[in-house]
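See below for the structure under consideration.
Bear in mind that the values in this text are calculations on the coordinates, not laboratory data. Quantities reported herein were computed from a predicted structural model and do not represent experimental measurements. Cβ: placed from backbone, ideal geometry, glycine included. Neighbour counts: every protein chain shown.
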Amino acid sequence: MHLRRLRIENLRVIEQLEVELAPGWNLFTGDNGAGKTSMVEAAFLLSHGRSFRTGIREALVRVGCNGYSIFGELVKAGGETRRVGIARSSGRIEAKLDGQGVTAAELMHHAAVLCFEPGSHDLISGPADERRRFLDWGVFHVEHGYLTYWRRYHRALKQRNAALRNGGGDSELDVWDRELACAAEVLTAMRQRYVDALRPVLSDVLVGLLGELGQPEFAFLPGYDSSQSLDAVLLSRRDRDRLRGHTGSGPHRADWGLSFEGAPRREHLSRGQEKLCAFACVLAQATLFFRTAGEWPVICVDDLASEVDRGHQTRLLALLAQTNAQILVTGTEAPAALAETAGAVAMFHVEQGRVSALL
């Protein structure tokens, strides 16, 4: 799939712009603060409903405005065109597909965008929340019942936590423990299947990028001792959960991690190596999406030169060139390695929230 057209209104520094994109490589250059990152952020929002940048949601809205809107013309692998849009106004999110209001989840089934950006090292060394979001996005696109069970689990989790805080008795907690366990079994199985499918793809990319570290290992932690049912685990930890006022075990605490023969702990990795690992995760997820869905997601690369040396830039871009994905790249200038790896590149200059195509 690729975005043929992207229209943005009142997103960060961008007041209003519309740009036609090439199905292959697209390069956006400009000074810091010009709005380059907001271009790829807009595409990412269509697929995730949130930004990859940290901060409160209101920060997305241009100063002095009530909300933002993003619309894209998305061309699928078979040539079908879908019009996708997401807008935020007065704190509410509205999603549209071909002009009709839909849920954000339905929109995200159609728009698939992945991003590698300067903060991507948090995927490796940051809190587990980011790794769960990465995992859940992938599972969501291959397990069509996943969202139903995810919502069921989190509704029960909310009720159990309320019961813990409000002094609920054992009989009440037994009900929520059973409900959590039922949903958790399905969620964990879906996540495990996805991890098993992603592992060999990720391993191949990591060996190509960080072969000097030895064989990689991709470990999935379900968030509880899966040799037991979750309701048994919750019962054994009930007194502790009561003291803390929240549920300490379950899929909401799931995590995953990377290690290597030459770097058995993530603390052994440099910041640059963490970023290469994060890139490998993004590319592996994009590759698995292609093998499952029959089309590549849009891949965004924001500020590639940030803490990635010239040699690894060349290797990263060469790997991207082997895909048939639409790629959006940003930087203060064109990466020197781009001319060595990419074919035709559509070039744009971004200045003060405005974009112009370069010949």
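Among S203, S171, S89, the largest mean-square fluctuation in a Gaussian network model of the chain (Cα springs under 10 Å) belongs to S171. Sorting D225, D302, D170 by the number of Cβ atoms found within 10 Å of their own Cβ, with the fewest placed first, yields D170, D225, D302. Here the stretch 39-85 is treated as a Stokes sphere of Kirkwood radius computed over C-alpha pairs; at 4 °C and 1.567 mPa s its diffusion coefficient rounds to 107 µm²/s.
Look at the alpha carbon pairs under 8 Å that are at least 6 residues apart: their mean separation over the length of the stretch 161-236 gives a relative contact order of 37 percent. Only helices enter this figure: runs of n ≥ 4 DSSP H residues, each worth -39500 (n - 2.57), summed and divided by the residues of the chain, yield -13500 deg cm²/dmol at 222 nm to the nearest 500. Residues whose amide H falls under 5 Å from that of V61, counting only those 5 or more places apart or on a different chain, are R12, with hydrogens built in the peptide plane. Scanning the chain for cysteines with no neighbouring cysteine C-beta under 4.7 angstrom from their C-beta gives C65, C182, C277, C281. Express the Stokes-Einstein translational diffusion coefficient of the stretch 123-293 in µm² s⁻¹, to the nearest whole number, given a Kirkwood radius over alpha-carbon pairs, 4 °C and a viscosity of 1.567 mPa s. Calculated translational D: 75 µm²/s. As a rough footprinting exposure proxy, the listed residues V175, V195, V113 were ranked by other beta carbons within 10 Å of their own, and the order from fewest upward is V175, V195, V113. Taking only the Cα atoms of the stretch 1-156, the ratio Rg/Rh comes out at 0.95, with Rh defined as the Kirkwood radius. Springs join every pair of Cα atoms under 10 Å in this Gaussian network model of the chain, and among A280, A254, A163 the largest mean-square fluctuation is at A163. Restricting attention to the chain, close to 70% of DSSP beta bridges with both partner residues there are antiparallel. Against the chain, whose longest principal axis comes from its Cα atoms, helix 128-142 is set at around 80 degrees. For the chain, the longest principal axis of the Cα atoms and the long axis of helix 170-210 meet at an angle of about 40 degrees.
Positive-end ranking of L221, N161, T148 along the dipole of the stretch 135-286, with charges on Cβ about the Cα centre, is headed by N161. Name the most mobile residue of C182, C277, C115, meaning the one with the largest mean-square fluctuation, in a Gaussian network model of the chain with Cα contacts below 10 Å. Checking each option, the largest mean-square fluctuation is seen for C182.
Helix 146-165 and the longest principal axis of the C-alpha atoms of the chain enclose an angle of approximately 50°. When the GluC sites (Glu not before Pro) in the stretch 221-320 are filtered for DSSP coil states and for at most 11 other beta-carbon atoms within 10 Å of their beta-carbon, the remaining sites are E261.
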